[in-house]
1. Any idea how far apart residue 91 and residue 123 come out in nm if each label point goes 7 Å out from Cα toward Cβ?
2. What is the extension gain from residue 83 to residue 31, computed as 0.36 nm multiplied by their sequence separation minus the C-alpha to C-alpha distance, in nm to one decimal?
3. Highest mean first, what order results for 39-50, 72-83 on Cβ atoms within 10 Å?
4. Say R0 is 35 Å: what FRET efficiency, to the nearest 0.05, do residue 24 and residue 75 get from their beta-carbon distance?
5. Among 113, 164, which comes first, second and so on when ranked by fewest other beta-carbon atoms within 10 Å?
6. Output the direction-averaged projected area (hull surface divided by four) of the convex hull of the alpha-carbon atoms of segment 75-152, in nm².
7. So what are the radius of gyration and Dmax for the Cα set of segment 30-126, in Å?
8. How much length would be gained if the chain were fully extended between residue 41 and residue 65, taking 0.36 nm per residue of separation minus their Cα-Cα distance, in nm to one decimal?
């Protein structure tokens with residue numbers, strides 16, 4: 001009996017680690033062009049898209065309807081509130097976290113460029129299109145990290161349909177290192193922070209994404 005309890009406790013402690021190490025690592029892949037047009041700029045506009053995003057194994061529409069129904073069945077109106085918060089977290093949590101960590105990393109690389117959603121007068125715009133979100137979960141005794149995959153493109157603000165560069169960042173880990181990410185928006189927010197940090201580091205390390 002004692003051996004069984006000890007084994008159960010051990011599995012609870014190590015299971016999150018196995019989930020984490022079993023996940024595919026983050027990858028950054030240049031798909032087109034480079035971001036060297038930004039080299040002489042002081043600011044760049046940030047815009048975000050979630051069009052045709054996949055969430056877990058579902059389209060976003062089906063995922064939201066599934067969660068809305070589940071929460072409403074437990075408590076009337078709770079699912080509707082959840083759906084509103086799901087969308088609101090983009091402007092309130094995810095986008096600010098991406099912007100914050102991107103600018104921190106650019107500054108660390110001694111780049112004067114400032115990126116922001118408020119830079120509407122900038123010559124260039126960076127579009128962050130989230131294509132895949134795995135929310136993960138954390139219920140205390142069991143935890144699975146989430147991740148974010150996004151395509152990031154550069155275009156002139158006046159010509160949004162002409163991409164000058166495109167990079168894909170795959171599976172940016174969405175989890176809090178301390179393990180207190182019980183809320184999905186907290187986990188996903190960490191994913192956007194890592195996405196911004198990785199993109200900023202890649203830009204400076206790769207000399208604006210120029211091919212080796």
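1. Distance between label points: 3.0 nm.
2. On the way: separation 52, 0.36 × 52 = 18.72 nm, distance 3.35 nm.
My answer for the length gained is 15.4 nm.
3. Values: 39-50: 15.9, 72-83: 12.7.
So the peptides 39-50, 72-83, ranked by packing, come out 39-50, 72-83.
4. According to the calculation, E is roughly 0.45.
5. Least to most surrounded, the residues fall as 164, 113.
6. Details: hull surface 31.3 nm².
The number I arrive at for segment 75-152 is 7.8 nm².
7. Rg and Dmax of segment 30-126, Cα atoms, are 18.1, 55 Å.
8. Details: separation 24, 0.36 × 24 = 8.64 nm, distance 4.27 nm.
Computed gain between residue 41 and residue 65 is 4.4 nm.
Every read-out reported here was derived from the displayed coordinates using simple, explicitly stated rules and does not represent laboratory data. Just so you know, these numbers come straight off a predicted model, no measurement behind them. No Cβ is skipped: glycine too gets one built from the backbone with ideal geometry, and neighbour counts run over all protein chains shown.
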